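Student: Would you mind keeping the following structure in view while I ask a few things?
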Amino acid sequence: MLYDHIYNLLVRDSAQHIDPVSVCPAMKAYTIFTDAVSKNFAATGVRVGWGYGPERLINKMKTILSHVGAWAPMAEQKALAVFFDNLPVVEEYLHHFKRKIARRLDGFYEGLMELKQEGLAVDVIAPQSSIYLTVKMDIPGNIFNELLDEGVAVIPFSAFGAQQAGNWFRLSVGTCKLEDIAPVIQKFRKVLMQKTEIVH
């Protein structure tokens with residue numbers, strides 16, 4: 001099993017990251033973890049990642065990589081090694097970064113819950129980790145395109161292979177600012193109200 005571990009540090013204080021080996025220790029023999037700085041440290045431009053797992057598999061990965069000739073620039077690797085070696089600095093960065101994400105997640109969560117309380121056909125799961133909200137919009141038709149026309153992008157879970165996901169969507173807070181939240185909630189309200197009027 002190849003396990004994407006890339007959001008493992010971005011959990012709320014009350015939440016705990018769970019991985020396959022924690023759930024089923026027997027999976028350790030055949031699970032490869034992949035990780036990188038792109039998400040946990042908001043460094044999408046720094047293409048440094050790593051993998052760990054059973055030695056026999058990691059050795060095969062090393063052999064392949066030695067012939068591919070594509071790897072992260074040496075300067076980035078060395079800079080990150082120095083950064084990761086300074087644990088207090090890493091922890092301080094993560095503390096502030098996670099707090100900023102939490103404020104954005106909470107802002108969108110509270111705004112969408114207000115829309116639900118207004119009687120609009122929307123629901124949202126309280127955020128526990130990562131940079132995403134899971135939002136449900138019980139509206140027939142293609143609400144994805146209507147939101148996109150307003151400049152709001154949500155991804156239907158069916159795009160990730162969840163064919164039975166119905167009207168569940170993923171909303172990212174990774175690139176927004178706090179001041180973006182209220183206008184985006186207004187756009188949700190506008191589209192949801194228009195769709196509700198069409199249905200009735």
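Student: From the set of residues in segment 38-72 that are hydrophobic (A, V, I, L, M, F, W, C) and under 18 Å from Leu2 (Cα atoms), which is surrounded by the most Cβ atoms within 10 Å (Cβ to Cβ)?
Tutor: Looking at the filtered set, the residue picked out is Val48.
Student: Looking only at segment 115-125, filter to residues that are surrounded by fewer than 16 Cβ atoms within 10 Å (Cβ to Cβ) and within 23 Å of Pro156 (Cβ to Cβ); which one of those is farthest from the chain's Cα centre (by Cα)? Full working, then the answer.
Tutor: Filtering segment 115-125 for residues surrounded by fewer than 16 Cβ atoms within 10 Å (Cβ to Cβ) gives 116-119, 125.
Within this subset, residues satisfying the condition of being within 23 Å of Pro156 (Cβ to Cβ) are 116, 125.
Details: Lys116: 23, Ile125: 14 Å.
For segment 115-125, the residue satisfying everything is Lys116.
Student: Among the residues of segment 4-20, are any within 21 Å of the chain's Cα centre (by Cα), surrounded by fewer than 11 Cβ atoms within 10 Å (Cβ to Cβ), part of a loop (DSSP other than H, G, I, E, B) and touching a residue at least 12 places away in the same chain (Cβ under 8 Å)?
Tutor: Checked segment 4-20: at least one residue is within 21 Å of the chain's Cα centre (by Cα), surrounded by fewer than 11 Cβ atoms within 10 Å (Cβ to Cβ), part of a loop (DSSP other than H, G, I, E, B) and touching a residue at least 12 places away in the same chain (Cβ under 8 Å).
Student: Would you mind telling me which numbered condition in (1) over 30 Å from Gln186 (Cα atoms); (2) outside the structural domain of Asp13 (by TED's automatic domain parsing) Ser66 fails?
Tutor: Every condition holds for Ser66 apart from (2).
Student: Name every residue in segment 155-190 that is without any contact (Cβ under 8 Å) to a residue 40 or more places away in the chain, assigned to a helix (DSSP H, G or I) and surrounded by fewer than 17 Cβ atoms within 10 Å (Cβ to Cβ), in order of residue number.
Tutor: Answer for segment 155-190, where residues must be without any contact (Cβ under 8 Å) to a residue 40 or more places away in the chain, assigned to a helix (DSSP H, G or I) and surrounded by fewer than 17 Cβ atoms within 10 Å (Cβ to Cβ): Ser158, Ala159, Phe160, Glu179, Asp180, Pro183, Gln186.
Student: Something else: Name every residue in segment 129-154 that is surrounded by 14 or more Cβ atoms within 10 Å (Cβ to Cβ), outside any helix (DSSP H, G or I) and under 19 Å from the mean Cα position of the chain (by Cα), in order of residue number.
Tutor: Within segment 129-154, Ser129, Ser130, Ile131, Tyr132, Leu133, Thr134, Val135, Lys136, Val152, Val154 qualify.
Student: Out of segment 89-108, which residues are within 15 Å of the chain's Cα centre (by Cα) and surrounded by 15 or more Cβ atoms within 10 Å (Cβ to Cβ)?
Tutor: Correct list: Phe97, Lys98, Ile101, Ala102, Arg104, Leu105, Asp106, Phe108.
The values are calculated or read from the model by the stated rules, or taken from the named source; none is laboratory data. Keep in mind it's a predicted model, so treat the numbers as computed, not measured. Neighbour counts are summed over all protein chains in view; Cβ atoms, including those assigned to glycine, are modelled from backbone coordinates with ideal geometry.
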